[in-house]
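The values are calculated or read from the model by the stated rules, or taken from the named source; none is laboratory data. Bear in mind that the values here come from a model prediction, so they are computed numbers and not experimental data. Counting neighbours? That spans all protein chains shown, and the Cβs are built from the backbone with ideal geometry, glycine included. Each accessible area value is taken on the protein alone, full model and side chains, heavy atoms only, with ligands, DNA and RNA left out. Shrake-Rupley method; radii C 1.70, N 1.55, O 1.52, S 1.80 Å.
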Amino acid sequence: MNRSLARFHIALFYVMILLATIVAALGFRRLYDPLFLVFVYGLFLPMIVLHFFAARGARQGKSYGRILSYLYGIIAVFGFPIGTALAVYVFSQVGKKWERAA
């Protein structure tokens, strides 16, 4: 179980939902195209789902939580400088010993 990593993924889960909503709202006001909303949420949905399941796995101490966290870290490392800093944090947390939730 890695509570700090689970909280990190939950926070990014909500941040991604907020960003998707802001981008969709700003773009929809200009385009008035419902297909634009589907496009925007389709772009953000994979990362939202990744953070949800990574948080769940990290909280329960499951191996898929560690794998998804590694995956996010690899993706985030290319987002210099903020993504790289987030990736370093994720890698430092994933490297710790995980315990199974009781």
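Residue 1 fails exactly one of the following numbered conditions: (1) open to solvent by less than 80 Å² (accessible area, probe 1.4 Å); (2) in a helix (DSSP H, G or I); (3) within 18 Å of residue 89 (Cα to Cα). What is the number of that condition?
(2)
Can you find, within region 57-100, the residue that is surrounded by the most Cβ atoms within 10 Å (Cβ to Cβ) among those that are of a type in the set (A, V, I, L, M, F, W, C) and part of a loop (DSSP other than H, G, I, E, B)?
Among those residues, the one meeting the criterion is 98.
Taking residue 52 as meeting all but one of (1) in contact with a Lys or Arg (Cβ under 7 Å, 6 or more places away or on another chain); (2) modelled with pLDDT of 95 or more, write down the number of the exception.
(1)
Counting only residues that are free of Cβ contacts under 8 Å to residues at least 24 places away in the same chain and surrounded by 11 or more Cβ atoms within 10 Å (Cβ to Cβ), how many does region 19-37 have?
12
Name every residue in region 64-102 that is among the small types (Gly, Ala, Ser), farther than 15 Å from residue 8 by Cα and touching a residue at least 24 places away in the same chain (Cβ under 8 Å), in order of residue number.
101
Exactly one of (1) at pLDDT 95 or above; (2) surrounded by 13 or more Cβ atoms within 10 Å (Cβ to Cβ); (3) farther than 17 Å from residue 91 by Cα is unmet by residue 46. Its number?
Only one criterion in (1) at pLDDT 95 or above; (2) surrounded by 13 or more Cβ atoms within 10 Å (Cβ to Cβ); (3) farther than 17 Å from residue 91 by Cα is unmet by residue 46, namely (2).
Given the criteria open to solvent by 40 Å² or more (accessible area, probe 1.4 Å), in contact with a His (Cβ under 9 Å, 6 or more places away or on another chain) and of a type outside the set (A, V, I, L, M), does residue 53 qualify?
Yes.
With the requirement that a residue be of a type in the set (A, V, I, L, M) and closer than 19 Å to residue 45 by Cα, what does region 60-102 give you?
Once the filter is applied, which keeps residues that are of a type in the set (A, V, I, L, M) and closer than 19 Å to residue 45 by Cα, region 60-102 yields 67, 68, 71, 74, 75, 76.
With the structure loaded, tell me whether residue 29 is charged (D, E, K, R) and within 12 Å of residue 55 (Cβ to Cβ) or whether it fails that test.
Considered against the rule, which asks whether it is charged (D, E, K, R) and within 12 Å of residue 55 (Cβ to Cβ), residue 29 comes out as no.
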